[in-house]
């Protein structure tokens, strides 16, 4: 079985974010990138599957500062193949474009199962999992917190509100959006990662041409602004209601 | 999860490599003193002497299936009592933790601290850019080396908890106040400073320690100063005993030693009375591990109004606050196993001594002891203060 884990790097919120002069993007001077937390869980889940059922595991991410560290750490944990997509890193905030491009690479790899984090804090146009599934014509299940292989299919645990948990069988190939792995992502020692760096190879592949249609265009990026727009209406219930109706009429809501 | 076959031979070689006197392991008498004095030895499947027995029996893989070695807080008590002078803490226990880490047998809370240290240079996962934020309101302004671009007499290695922990920042500000009152020409590294790495090393993450030492070493070499002082006994221990082994050698003192050397200048500044019975807790890495027992007591004795009383366990026999060797990052794990905190035992002893103030000299201790005080019956009477805070109070 071939399992692929997809990851992306997102702005690290430990540092305060600043907006650059264009007003439509983050200032990258002090920006540090970190693996999307849920993608880290997707990698952990893939490693658990490999340990349990001997799957072959590939990790794919786009070229950005810190991508090599993520890839070498993954191989130190047990990944078999590392692929880095070389291209315009600014494009990663368009999931439609990234999903189309990644789908082209994935078709070639013919995976049985694709795992990715169910969401990321900088998803502007929906999460990438369902988009990848759509472009590959595969089924998708999201918000999953456990995957098992059974008789050529997978059984996933999906969490619903109110403490409900569903177990469902999914035909392969499929895409699964991971909410959390069955255990927290494991720690690998610095020495083990260093060892991996000496022996593992990262395959660099060109990122296929990006088609950004369907994505979001950023018009303005800004921090939450404080303003005093609230008006308190004084009086009896009748007076307040009458005044409210007038206001609704004034602004054309009625 | 255990995939590595560790035979006695390979493990022994690793210990040899990691410690200067590792070969001492061979001359263990099996007297059991180490396991007896270990504060959490009673909870360990394999306390130190049994670990050595397992090694000798070539049954080390059994050890890797257990997790109670993570109860070790590297307090140095075993090493201090060993008649064969075996480096139990930084040799045996640290190497066993290293093997557990490699085997993936690690409590998740510890993993987080290690991952944070690697990424942010501090175990708390705080922004490296904010490392000097505590100093914003200090006057005269604290010199940050990268901005000042001038030599200083003293480089103050502030440390992780003194930089970021809201409670410990009060100690840090007090140290700055005392240094300023003495007119010391000092500077700090601010965002350039990384964790000293000692507790990460003692938690078994040697590779991470080496990275942190490399970063700090590179930073030290950029600036001119005559000596380093530290707030944290763990940083003091690392820079004094471990950094030189990696080729980074500077004269270093704990702040209590530095201030004691300047007692003649300091004494006239201590104008305000601190009317209290004070008992002093010897931090493991100042006292037991490095023999600094007197300077903290001398400083306390110099404060007008202070009456010094000793607890039953003092000097080399001091109890541990439970924060060392990764203990700061294993509270949940250790509580599950022990249902007691080492800091509880110490606070109870401080209360029995009749003291109103429990004085400390390590940044791990103030929050740990204050937590214990809160949960102890009648503990509310006891005040926990770093020596620097008491000095600053007396300066006024």
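Here B:231, B:112 are placed in order of increasing Cβ neighbour count within 10 Å, fewest first, which gives B:112, B:231.
Using DSSP, restrict attention to beta bridges with both residues in region B:265-395 and report what percent are antiparallel, rounded to the nearest 5. Of those bridges, close to 0 percent are antiparallel. Put simply, the C-alpha atoms of region A:1-76 give a gyration tensor, and the ellipsoid matching it has half-axes of 31, 10, 10 Å, longest first.
Given Cα pairs under 8 Å that are at least 6 residues apart, what percent is the relative contact order of chain A? Relative contact order here is 24 percent. Separation of region A:41-59 from region B:60-105 is 31 Å, based on Cα centroids.
Rounded to the nearest 10 degrees, the inclination of helix B:342-352 to the longest alpha-carbon principal axis of chain B is 50 degrees. Its alpha carbons give region B:41-99 an Rg and a Dmax of 10.7, 29 Å. The peptide list B:335-344, B:368-377, put in order of mean Cβ contacts within 10 Å with the highest first, becomes B:368-377, B:335-344.
Here is the tail figure for region B:119-261: Cα pairs spaced more than 26 Å apart come to 16 percent of all pairs. With neighbours defined as other Cβ atoms within 10 Å of a residue's Cβ, the residues B:97, B:130, B:149 order from fewest to most as B:149, B:130, B:97.
Using every pair of alpha-carbon atoms in region A:140-235, split the distances into 5 Å bins beginning at 0 and state the percent of pairs per bin, rounded to integers. Result, from short to long distances: 2, 8, 10, 8, 9, 12, 16, 13, 9, 4, 3, 3, 2, 1, 0, 0 percent.
Any idea how far the Cα center of region B:218-295 sits from the one of region B:331-353, in Å? Measuring centre to centre over Cα atoms gives 26 Å. Taking a ≥ b ≥ c as the square roots of the Cα gyration tensor eigenvalues, with a/c under 1.5 meaning rounded and otherwise prolate when a/b beats b/c, else oblate, which class fits the protein assembly as shown? Oblate is the answer for the protein assembly as shown, as a/c is 1.5 or above yet b/c matches or exceeds a/b.
Cα-based values for region A:88-147, radius of gyration first and Dmax second, are 11.5, 33 Å. Distance between the C-alpha centres of region A:166-180 and region A:114-164: 5 Å, rounded to the whole angstrom. Put a dot 7 Å past the Cα of residue B:26, heading toward its Cβ, do the same for residue B:331, and the two dots end up 4.4 nm apart.
Taking 20 °C and 1.002 mPa s as conditions, region B:265-396 diffuses translationally at an estimated 142 µm²/s according to Stokes-Einstein applied to its Kirkwood radius (Cα pairs).
Counting every C-alpha pair in region A:2-206, the share spaced more than 23 angstrom apart comes to 42%.
Our summary gives region B:8-106 a relative contact order of 35 percent, counting only alpha carbon pairs under 8 angstrom and 6 or more residues apart. Solvent-free Debye calculation, one equal scatterer per alpha-carbon of region B:77-130: log10 I(q)/I(0) at 0.12, 0.21, 0.23 Å⁻¹ equals -0.43, -0.82, -0.86.
Its Cα gyration tensor gives region B:329-381 an equivalent ellipsoid, and the semi-axes of that ellipsoid, as √(5λ) in whole Å with the largest first, are 20, 13, 8. With q set to 0.11 Å⁻¹, the log10 of I(q)/I(0) for chain B, from the Debye formula over equal scatterers at the Cα positions, is -0.78. Rg/Rh for region B:152-222 stands at 1.02; both radii use Cα atoms, and Rh follows the Kirkwood definition. Using a cutoff of 8 angstrom between alpha carbon atoms and counting only pairs six or more residues apart, the relative contact order for chain B works out to 16 percent.
With both residues required to sit in the protein assembly as shown, DSSP beta bridges show an antiparallel share near 20%. Normalised by residue number, the volume inside the convex hull of the Cα atoms of region A:20-123 is 108 Å³ per residue. Converting the Cα gyration tensor eigenvalues of region B:195-350 into ellipsoid dimensions via √(5λ) gives semi-axes, longest first, of 29, 25, 11 Å. With a 10 Å cut-off around each Cβ of B:114-123, the average count of Cβ atoms from other chains is 3. Secondary structure note: in region B:119-261, about 0% of the DSSP beta bridges are antiparallel.
As a rough footprinting exposure proxy, the listed residues B:345, B:134 were ranked by other beta carbons within 10 Å of their own, and the order from fewest upward is B:345, B:134. Quick check of the Kirkwood formula: for region B:8-106, what is the inverse mean of 1/r over all pairs of different Cα atoms, in Å? Every distinct Cα pair counted, the radius reaches 13.1 Å.
Rule-based calculations on the coordinates, nothing more; no lab input. Computed from a predicted model, the values in this text were never measured in an experiment. Methodologically, a virtual Cβ is constructed for each residue, glycine included, from the backbone with ideal geometry; neighbour enumeration extends over all protein chains shown.
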